1. In square nanometres and to one decimal, what's the mean projected area of the convex hull around the Cα atoms of the range 75-170?
2. Limiting things to C-alpha atoms, what are the Rg and the maximum Cα-Cα separation (Dmax) for the range 1-45, in angstroms?
3. Given a Förster distance of 35 Å, report the FRET efficiency between residue 59 and residue 27 from their Cβ-Cβ distance, rounded to the nearest 0.05.
4. If packing is taken as the mean number of other Cβ atoms within 10 Å per residue, what is the order of 42-52, 137-147, highest first?
5. Over the C-alpha atoms of the range 89-133, what are the Rg and the largest Cα-to-Cα span, Dmax, in Å?
6. Mind putting together the pair-distance distribution for the range 124-170? All Cα pairs, 5 Å bins, whole percent per bin, short to long.
7. Please give the peptides 110-121, 73-84 ranked by average Cβ packing (other Cβ atoms within 10 Å per residue), highest first, as a rough proxy for protection.
8. Across the chain, how large is the tail of the calculated P(r) beyond 26 Å, expressed as a percent of all Cα pairs?
Ligand SMILES: [Fe+2]
């Protein structure tokens, strides 16, 4: 792991914890958010071959962009390390494409990942997350989809599924 990645991870842990506390998570949920933040990018710097070995591609987007499976690959590593908490495991796999809106831990980590100060974007979403976790999560997913579309990049089917699911909840 590069020093830059490590710094990103530590900022995600710190912010996920802040978001969790601001949204009245209990101690167990705060600890789960910190653990998931710590592990979310554990597979991020692996080679494409290793990534696809841990998390075989399930569609063309993943075959063309092996990095897109780094969430699922990270979950595989966490499972091997003995993590059994479903909220933490989903937060790790889902930090790339999105998590279920029932998983508060997963939403906190997803938001922390895309809004941590080192990214220099999405400050408004970071602020919103301190008062409304779900609204901030919606906006974070929305901003990811818009960003990908604006760059002409393909949006992963799972991201689209999450996007449609949480937009229908408003
Ligand atoms: Fe990541």
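Laboratory data are not the source of any read-out in this text; all were calculated from the coordinates shown. Because the structure is a prediction, the values reported are computed rather than measured. Every residue, glycine as well, gets a Cβ built from its backbone with ideal geometry; the counts of neighbours run over all protein chains shown.
1. Working: hull surface 26.7 nm².
Computing the convex hull of the Cα atoms and averaging its projections yields 6.7 nm².
2. In Å, with Rg to one decimal and Dmax whole: 11.1, 33.
3. E between residue 59 and residue 27, to the nearest 0.05, is 0.35.
4. By packing density, highest mean first, the sequence is 137-147, 42-52.
5. So, for the range 89-133, Rg and Dmax equal 10.3, 28 Å respectively.
6. 5, 23, 27, 23, 16, 6, 1
7. Highest mean packing first, the order is 110-121, 73-84.
8. 22
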